[in-house]
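In what follows, a structure is listed as structure tokens, so that the remarks can point back to it.
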């Protein structure tokens, strides 16, 4: 079913929507899609590509993912809890663990939110360039966007959100902050038509920017991770502008992008 025209945020060159369905609504005519999944896909993605890994997004962590990884000649990321039990674990969705995990050339990194959205946008065939943004690389993303915005590009920001137990979308405030953080990193002189939804993200980020570590721990997703023993993941995700990297999705996974904004093959 096609979305109502109003839901595509027409006339806005910076747009924002939530989850896979929202992504489909605002990305069909976008030139660039910025996917934000702060806890934890795009944070882990930032670290992985900074380390030189090629990251292949995939929706499911099951037998399909294992088969996909084998066919792609890649390592399948293990679960957070599994990684904690291994002496020499391969990478997992845990960004803190990935900082010190053993290196792999090619990594299949499934997640039900950010990874799923990235794969869906790629497979939709719109031709948009997909990048992954987090707090860690928000300024690198903004700097990479600048020349494309100057040439008239339309940018769709997708706040991935999380899932309720019934598998419906749970909007997650950390992804709203992450999207706003990217917009905030753009120079003040960049004046581009921006949807109301994207402006809300910018306002939300500015309200917490000076205490983002505390707010990230206090939000529902952060509390969930802390309670499960993964507070280090929240702390890693809260580090702003520590990764000078732009993960760009190619036909063969995410790679470190060209600072000029050119899309890798």
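The values are calculated or read from the model by the stated rules, or taken from the named source; none is laboratory data. Model, not experiment: these values are computed from the prediction. Cβ: placed from backbone, ideal geometry, glycine included. Neighbour counts: every protein chain shown.
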Practice item. Identify the residue in the range 82-131 that is touching a residue at least 12 places away in the same chain (Cβ under 8 Å), out of contact with any helix residue (DSSP H, G or I) (no Cβ under 9 Å at 6 or more places or on another chain) and not in a loop (DSSP other than H, G, I, E, B) and, among all such residues, is surrounded by the fewest Cβ atoms within 10 Å (Cβ to Cβ). Key: 122
Review point. Which of the residues that make up the range 35-71 are at negative phi, touching a residue at least 40 places away in the same chain (Cβ under 8 Å) and in a loop (DSSP other than H, G, I, E, B)?
Key: 37, 38, 39, 40, 51, 53, 59, 60, 61
Point to revise | The listed residue being in a helix (DSSP H, G or I) and either on the phi < 0 side of the Ramachandran plot or free of Cβ contacts under 8 Å to residues at least 24 places away in the same chain (or both), out of 209, 188 | key: 209
Practice item. Kindly list, by first and then second residue, each pair from a residue in the range 221-248 that is under 22 Å from residue 130 (Cβ atoms) to a residue that is crowded, with 21+ Cβ neighbours inside 10 Å and at pLDDT below 95, limited to pairs with Cβ atoms under 6 Å and residues at least 6 apart or on different chains. Key: 246/257; 248/257
Point to revise | the range 10-34, subset in a loop (DSSP other than H, G, I, E, B) and farther than 19 Å from residue 138 by Cα, residue nearest to the chain's Cα centre (by Cα) | key: 30
Exercise for review: Output the residue which, of all residues in the range 163-200 that are touching a strand residue (DSSP E or B) at 6+ places or on another chain (Cβ under 8 Å) and more than 23 Å from residue 215 (Cα to Cα), is surrounded by the fewest Cβ atoms within 10 Å (Cβ to Cβ).
Suggested key: 193
Review point. Would you call residue 45 surrounded by fewer than 24 Cβ atoms within 10 Å (Cβ to Cβ), in contact with a strand residue (DSSP E or B) (Cβ under 9 Å, 6 or more places away or on another chain) and within 25 Å of residue 148 (Cβ to Cβ)?
Key: no
Study note, to complete from the structure: The correct count of residues that are within 15 Å of residue 41 (Cβ to Cβ) and in a helix (DSSP H, G or I) in the range 165-182 is 4
